[in-house]
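Trainee: Before I ask anything, let me first share the structure, which is written out below as structure tokens.
The values are calculated or read from the model by the stated rules, or taken from the named source; none is laboratory data. Because the structure is a prediction, the values reported are computed rather than measured. For neighbour counting, all protein chains shown are included, and Cβ atoms are generated from backbone atoms with ideal geometry for every residue, glycine included. For accessibility, only protein heavy atoms count, side chains too; no ligands or nucleic acids. Shrake-Rupley method; radii C 1.70, N 1.55, O 1.52, S 1.80 Å.
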Amino acid sequence: MERIERWKARARLLKTEVHALWLACRDLRVPRRARLLAAMVAAYALSPIDLIPDFIPVLGYLDDLILLPLGILLVVKMIPADVLADCRARAKEASLQKGTSGAVLGTAMVMVLWVAIVATVYFLAIEAKG
């Protein structure tokens, strides 16, 4: 039972960290490259579409267990410490308020991003043919 509680605590921490990265990608005090990478990591974390689908045994969860933490680690190193601390505090405060509007907005933005990527690939493929 204790092990389950530890995993739940880690999941909450990961959720708060992804929210902090989402806040950091919109903060102008963060360098442009770090904002772009933070947006990509947060979008991947929030996206219902995985690089390797979860239904594939073992491999399906490796992207979530390896790629996501590595992406978070990389982005955290690129963000100034004071800005990251501020974003983490705001993310923790938001998680205490239990609001869902940020989650809905984040999910909507991720879906718009995926549609834009698919549309771009489609139009590039059509242009390459013609």
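Trainee: Determine, from the Cβ-Cβ distance of L65 and W114 and an R0 of 22 Å, the FRET efficiency 1/(1 + (r/R0)^6), rounded to the nearest 0.05.
Mentor: 0.50
Trainee: Heavy atoms only, probe 1.4 angstrom, no DNA, RNA or ligands counted: give me K15, K129, K8, K92 ranked by accessible area, highest first.
Mentor: I get K129, K15, K92, K8, largest accessible area first.
Trainee: Work out the charge dipole of the chain with +1 on the Cβ of Lys and Arg and -1 on the Cβ of Asp and Glu about the Cα centre, then indicate which of S95, V41, G71 is farthest towards its positive end.
Mentor: S95
Trainee: Let me ask something additional. Under a 10 Å cutoff between Cα atoms, tell me which one of L59, L46, L113 has the largest fluctuation in the Gaussian network model of the chain.
Mentor: It is L59.
Trainee: What does the accessible area of W114 come to, in Å² to the nearest 10, when a probe of 1.4 Å is used?
Mentor: 70
Trainee: Right, another one. Extending each Cα 7 Å along its Cβ direction at Q97 and L13, get the distance between those two points in nm, one decimal.
Mentor: 2.5
Trainee: Which whole-Hz couplings ³J(HN,Hα) result when phi for each residue of the range 90-95 is put into the Karplus expression 6.51 cos²θ - 1.76 cosθ + 1.60, θ = phi - 60°, listed in order with x for Gly and Pro?
Mentor: For the range 90-95, the Karplus-derived couplings read 5, 5, 5, 4, 5, 5 Hz, x marking Gly and Pro.
Trainee: Moving on to the next point. If you count only protein heavy atoms and use a 1.4 Å probe, how large is the accessible surface of S95, to the nearest 10 Å²?
Mentor: Roughly 50 Å² of S95 is accessible to a 1.4 Å probe.
Trainee: To the nearest 20 debye, what is the magnitude of the charge dipole of the chain about its Cα centre, counting +1 on the Cβ of each Lys and Arg and -1 on the Cβ of each Asp and Glu?
Mentor: Roughly 360 debye for the chain.
Trainee: What figure, in Å² to the nearest 10, do you get for the accessible area of M78 with a 1.4 Å probe and non-protein molecules left out?
Mentor: 70
Trainee: Let me ask something additional. Which angle from 0 to 90°, rounded to the nearest 10, does the C-alpha axis of helix 2-25 make with the longest principal axis of the chain?
Mentor: 60
Trainee: Find the relative contact order for the chain and round it to a whole percent, using C-alpha pairs within less than 8 Å whose residues are 6+ positions apart.
Mentor: Here the relative contact order equals 30 percent.
Trainee: How far is helix 101-129 tilted, in degrees, relative to the longest principal axis of the Cα atoms in the chain, given as a value from 0 to 90 rounded to the nearest 10?
Mentor: 20
Trainee: Name the residue, out of A24, A42, A116, whose mean-square fluctuation peaks in a Gaussian network model built on the chain with Cα pairs under 10 Å.
Mentor: With Cα springs under 10 Å in the chain, the top fluctuation among A24, A42, A116 is at A116.
Trainee: May I ask for the angle, rounded to the nearest 10°, between helix 68-78 and the longest principal axis of the chain, with both axes built from Cα atoms and the value confined to 0 to 90°?
Mentor: With rounding to tens, the tilt is 80 degrees.
Trainee: Which of these, V118, V75, V83, has the largest mean-square fluctuation under a Gaussian network model of the chain (Cα springs below 10 Å)?
Mentor: Result for the chain, Cα springs under 10 Å: V118 fluctuates most.
Trainee: Tell me the label-point distance for the pair I4, R29, using the 7 Å Cα-to-Cβ offset, in nm and rounded to one decimal.
Mentor: Rounded to a tenth, the inter-label distance reads 4.1 nm.
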